[in-house]
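Each remark here refers to the structure printed beneath this line.
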Amino acid sequence: MQRRGFLLLAFLSLLALTSAVAKKKDKVKKGGPGSECAEWTWGPCTPSSKDCGVGFREGTCGVQTQRIRCRVPCNWKKEFGADCKYKFESWGACDGGTGTKARQGTLKKARYNAQCQETIRVTKPCSPKTKAKAKAKKGKGKD
């Protein structure tokens with residue numbers, strides 16, 4: 001009885017291990033099945049519906065073309081694209097004249113050979129709340 005249980009456990013472990021190895025091999029393939037091309041050029045991720053969500057990215061290498069699944073986050077900044085990743089500074093002080101605050105970002109990573117700006121500047125409206133109000137709400141209910 002113990003031997004049967006041990007064999008079953010060994011079989012399940014082997015099955016799980018081969019499944020994990022197969023998944024890893026699928027992720028490692030960059031050029032696709034039977035591809036010997038080294039210089040793939042990838043286009044932007046194009047959502048299947050609306051302007052965000054799951055979509056496809058087309059790649060070309062010589063005469064070969066390939067489509068891979070990709071995802072465009074729904075909160076991406078359209079000015080600089082979803083494939084350009086930036087490291088941002090903290091938000092600056094509120095400019096009373098324009099009612100906005102700004103921060104600058106420097107390029108951290110350009111995915112899929114995307115054409116990205118080295119530095120960008122983004123703005124957002126100033127929050128109408130003040131820190132004093134936020135602190136008052138935080139302490140509420142601790143009596």
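Structure data summary
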read-out: Residue list for the stretch 104-122, filter: part of a strand (DSSP E or B), touching a residue at least 24 places away in the same chain (Cβ under 8 Å) and open to solvent by 80 Å² or more (accessible area, probe 1.4 Å); value: K109
read-out: Residue check for K101: part of a strand (DSSP E or B) and open to solvent by 70 Å² or more (accessible area, probe 1.4 Å); value: no
read-out: Residue under evaluation A82, criteria (1) part of a strand (DSSP E or B); (2) closer than 23 Å to W42 by Cα, criterion not met; value: (1)
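The values are calculated or read from the model by the stated rules, or taken from the named source; none is laboratory data. Since the structure is predicted, the reported quantities are computational estimates derived from the model, not experimental observations. Cβ atoms come from the backbone with ideal geometry, glycine included; neighbour counts cover every protein chain shown. With ligands, DNA and RNA removed, areas are computed over all heavy atoms of the protein, side chains included. Shrake-Rupley method; radii C 1.70, N 1.55, O 1.52, S 1.80 Å.
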